[in-house]
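Written out below as structure tokens is the structure these notes cover.
The values are calculated or read from the model by the stated rules, or taken from the named source; none is laboratory data. Since this is a predicted model, take the numbers as computed values, not measurements. All Cβ positions, glycine included, derive from the backbone under ideal geometry; neighbour counts span all protein chains shown.
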Amino acid sequence: MPRLNHNEDYWLYTCAYNSSNKERKISSVKILDSTLREGEQSLGISFTKRQRLQLAWMLDYFGVDSIEISPVISDSHFESLKEMVRAGFSAQIISHGRALPEDIELARKCDAEWVAMYHSVSDIHLKSKLRITREQALERSIRAVEYARQHGLKLRFTVEDASRAEPSYLNSFITEIAKAGANRIGIPDTVGVMLPGGMANLVRLARDATDLPIDVHCHNDLGLALANSLAAMEAGADQIHTTIDGLGERVGIASLAEVTMVLRLLYGVERNFRYEMLSELSALVANYTGSQIPHSKPLVGRNAYTHKAGTHLSAIISDPEAYEVVSPREVGNRRRIVFGELSGKNGAAFLLRILGVESTSEISRKIARGLKNLQCGDLFEIELPESRELPHSMSSGNKKEEAEDEEQAKGTRPESLQAEANVEQALRAR
Ligand SMILES: [Zn+2]
């Protein structure tokens, strides 16, 4: 059972629920970030060469394994790739292009070691987009793979629109591409139509066709990109494609923050990512493009750590873990408390304490009623420091510790195995 980073009882149960359906143990998985390629296909997103280099530097420092960019788009992209290769990043720099000699040549001119080439494999793409037969598609693709290999390049081959391709054709296509010399196979859900189970099936099909490592690239058209990326990983894919904030064509792909944090928190995958940079990476993209990070974006959005309802507020003041699975500090975000008609007496009492005013239960109740009667919704918000920085009077952390000591003294703390057994028993009893 993968270990979570928390030893609290509630995490043991969470872990037991989550582990019951996992297909295989995940100990490591790679991250390819495509903000500079897929991300730039997002409406309104266009970076300058300088901005691309800054983002590449930060992504490398964050710890992603590969960074993808396409030199085919413009001279500026070509120059960006060239400089990224020259910069000597730890991350592998991937030159993305079509399965055509001219795109491979651009990669060579930039001294790239790795290329990623793609070719459609679904009938709808072959007929409507390329107007070629399945045989022509395979022949063209094999030629491109051989061309790249003859010129000493390593390559990933992405079977575009795999999730709508005829399975036996897809299987033989992957087999032939592998035979021709590809080093990796990319399995995309190009239009985001897979269910997690379907994505796992697709990866298994690819696994049957080849032993090569598999990338997975899931689009978010129906909001399933994260779930599908994880299902693909559980079925055997070893590299997940992400972008900052999930940017990309239409509604994009899986987000870097969500994928990396889920891997760490729920799969126990130990990578030395600098998670605390996640909010900064989002803010940088927003700053460069004049766009806004969606407020409701998990982990990095403004609302991710904003607490409003009175009951939540009182729990957060007592112990942030009551409503936060990852602390805001860990992802470079901030905790906020909203005061207004939903604050309740606990919120009112907290507000008074911050202001240094001695409060009684009666005063807090009156203020809470007053806030409600104003009928103005949210009045204002404040940033709340991490609990360990709260003055003792603001935090009841000590009470929590005392309660824990008591529990331990009673010997009632469930161990992970007991938690697992409890969950299994409950599931069986349904
Ligand atoms: Zn894509």
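Key figures
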quantity	calculated
Residue count, the range 227-259 (criterion: within 16 Å of the ligand (Cβ to nearest atom), among the aliphatic types (A, V, I, L, M) and under 19 Å from residue 304 (Cα atoms))	5
Matching residues in the range 126-169 - criterion: being of a type outside the set (Ser, Thr, Tyr) and within 15 Å of residue 186 (Cβ to Cβ)	144, 145, 148, 154, 155, 156, 157, 159, 160, 161, 162, 165
Which numbered condition residue 119 misses (of (1) away from the ligand (no atom under 16 Å from the Cβ); (2) under 28 Å from the mean Cα position of the chain (by Cα))	(1)
Residues being surrounded by fewer than 21 Cβ atoms within 10 Å (Cβ to Cβ) and not in a loop (DSSP other than H, G, I, E, B) - total across the range 61-92	10
Evaluation of residue 43 against (1) out of contact with any strand residue (DSSP E or B) (no Cβ under 6 Å at 6 or more places or on another chain); (2) assigned by TED's automatic domain parsing to the domain that holds residue 235; (3) outside any loop (DSSP other than H, G, I, E, B) (one fails), failing number	(3)
Residues of the range 287-300 classified as on the phi < 0 side of the Ramachandran plot and in contact (Cβ under 8 Å) with a residue 12 or more places away in the chain, total	8
Check on residue 300, surrounded by 19 or more Cβ atoms within 10 Å (Cβ to Cβ) and either assigned by TED's automatic domain parsing to the domain that holds residue 368 or assigned to a loop (DSSP other than H, G, I, E, B) (or both)	yes
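Conditions (1) among the small types (Gly, Ala, Ser); (2) touching a residue at least 60 places away in the same chain (Cβ under 8 Å); (3) within 20 Å of residue 335 (Cα to Cα); (4) in the same structural domain as residue 93 (by TED's automatic domain parsing), marked per residue:
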{"site": "211", "(1), (2), (3), (4)": "no, no, no, yes"}
{"site": "227", "(1), (2), (3), (4)": "yes, no, no, yes"}
{"site": "252", "(1), (2), (3), (4)": "yes, yes, no, yes"}
{"site": "261", "(1), (2), (3), (4)": "no, yes, yes, yes"}
{"site": "275", "(1), (2), (3), (4)": "no, no, yes, yes"}
